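What follows is a set of notes on a single structure, which appears directly below.
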Amino acid sequence: MNASAARPTPAFGHALQMSESSKTSLGEHLGVVLLNLGGPDNLAAVEPFLRNLFADPDVIQLPPVVRLFQPLIARMIAQRRGPQSRAAYAQIGGRSPIADESQAQAEAVTTALGQRGVREHAVVAMGCWHPFSDEAIATLASLGIRRAVAVPLFPHYSRTTTGSSFVALDKAIARAKAGRAFGNRASDTLELARVERYPTASGYLDALVDRVRAAAAIVPHGERATVPVLFSAHGLPESYIQRGDPYLDEIRMTVAAIVERLGLAGRARLCFQSRVGPQRWLGPTTEEALGAVAREGHRSVVVVPVAFTGEHIETLQEIDILYKEEAERAGIACFARARTVGTHPAFIGALADLALDAARARGWA
């Protein structure tokens, strides 16, 4: 992806122009591609997953002078980090649940769109592990689906997540187009509409509000009115934001909306987790925020993984194990973690509505 792609883009985009004569009839199936990062499905897959992650020039944005060597650098980093990462995955069952969670979300979106009168089939496309974009496109092709809407499972646009996912999807479509052209079937090329971002989509916010309330209910009754609420987002290097990545602004939009809905003014704090490498990253870190809460004398805290829509290593191991242990050592007795939105009906409804709006904007439904 080029540098300009890191900047805000229109809500809907497309890969190919569509003529009036090629509009999808209401009886034709629509494809929906849910985009996510992916995760290793067993301990042996941890190192190749890390190689894919660190080799992606949109996820890990190295200076141009060393970008040519990024695959080699990625291999070295994966080898060095492999043992530590395998140990982390071993703590949560030896695999990432992200593929299963994303598939459950896809099935729920299929059901939700069916209830809205749309014949649709949803597939999952991961950036760094199976099922990759090529697999998702092949599945849609096998079903005879010619038009699809890509919906990221990242509510907040970043070049590192949504941007890199679209790059992978576009490349997969191009490869499929080249293959079909060779077989004289170029007319069957998949057309793609896109949802870019939805940081304040009503259903997404409704689901988050429910998750925060459920977590706060764990806090001792006498502390609920004053308990600090930490919104923990995946971090990014500050340089990415300085180059125009809108991620931070969109995270702040979500947090502000939740704070207003729940009346959390004065108690909510935004912090960042999952730092990698020596660069200066967005702060404060979640560890720093927990330390501040403890020093202020609070005995309880609510942690909300705001940028994550499904459970995976960052929530199940980093928050639930590492941060909880750190909080307890600092004197916090009640560590209440909000679940991710997952298949919450309001969130699934938001994804279905976003996909349907994108399809209608193209005249497909």
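The values are calculated or read from the model by the stated rules, or taken from the named source; none is laboratory data. Just so it is clear, the structure is predicted and the values come from calculations on it, not from any experiment. Note that each Cβ is placed from the backbone with ideal geometry, even for glycine, and that neighbours are counted across all protein chains shown. Accessible surface areas use protein heavy atoms only, side chains included; no ligands, DNA or RNA. Shrake-Rupley method; radii C 1.70, N 1.55, O 1.52, S 1.80 Å.
What is the sum of charges around T315, taking Lys and Arg as +1, Asp and Glu as -1, for the other residues whose C-beta is under 13 Å from the C-beta of T315?
It works out to a net charge of -1.
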To the nearest 10 degrees, the tilt of helix 98-115 (Cα long axis) against the first principal axis of the alpha carbons of the chain is 60 degrees
Which of the three applies to segment 72-132, rounded, prolate or oblate, going by the alpha-carbon gyration tensor with a ≥ b ≥ c and a/c under 1.5 meaning rounded? oblate
With +1 on the Cβ of every Lys and Arg and -1 on the Cβ of every Asp and Glu, the dipole magnitude of the chain about its Cα centre, in debye rounded to the nearest 20, is 480 debye
Unit charges at the beta carbon, dipole of the chain: most positive-side option, G127, A74, G283: A74
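From the square roots a ≥ b ≥ c of the eigenvalues of the alpha-carbon gyration tensor of segment 37-185, which class results: rounded (a/c under 1.5), prolate (a/b over b/c), or oblate?
Numbers: a/c = 2.07, a/b = 1.38, b/c = 1.50.
Oblate, since a/c reaches 1.5 and b/c is not below a/b.
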Net +/- balance of residues flanking D100 in space, Cβ distance below 14 Å, scoring K and R +1, D and E -1: -3
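Counting only C-alpha contacts under 8 Å and six or more residues apart, can you give the relative contact order of the chain as a whole percent? Write out the running numbers ahead of the final one.
Values: 637 pairs, mean separation 86.5, N = 365.
Worked out over the chain, it gives 24 percent.
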If each DSSP helix of 4+ residues adds -39,500 (n - 2.57) and the sum is divided by the residues in the chain, what number results at 222 nm, nearest 500 deg cm²/dmol? -13000 deg cm²/dmol
Between 0 and 90°, nearest 10: helix 247-262 axis offset from the chain longest Cα axis: 60 degrees
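F231: net charge of surrounding residues, Cβ under 10 Å, Lys/Arg +1, Asp/Glu -1, itself excluded? Each step should come with its number before you reach the end.
Working: positive: R252, R269; negative: none.
Here the count lands on +2.
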Using a 1.4 Å probe on the protein chains only, how many percent of the accessible area of the chain belongs to carbon and sulfur? 55 percent
Charge dipole (segment 161-258, unit charges on Cβ, about Cα centre) - positive-most of S164, Y247, V219: S164
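Sorted by average packing, counted as other Cβ atoms within 10 angstrom per residue and highest first, what order do 54-66, 109-121 take? Could you put the intermediate results ahead of the total?
Values: 54-66: 15.8, 109-121: 17.5.
So the order, starting with the most tightly packed, is 109-121, 54-66.
Is the shape of segment 243-320 rounded, prolate or oblate, going by the alpha carbon gyration tensor and its root eigenvalues a ≥ b ≥ c, with a/c under 1.5 for rounded and a/b larger than b/c for prolate?
Details: a/c = 1.41, a/b = 1.12, b/c = 1.26.
Cα axes put segment 243-320 in the rounded bin.
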With +1 at each Lys and Arg Cβ and -1 at each Asp and Glu Cβ, the charge dipole magnitude of segment 209-365 around its Cα centre, to the nearest 20 debye, comes out at 260 debye
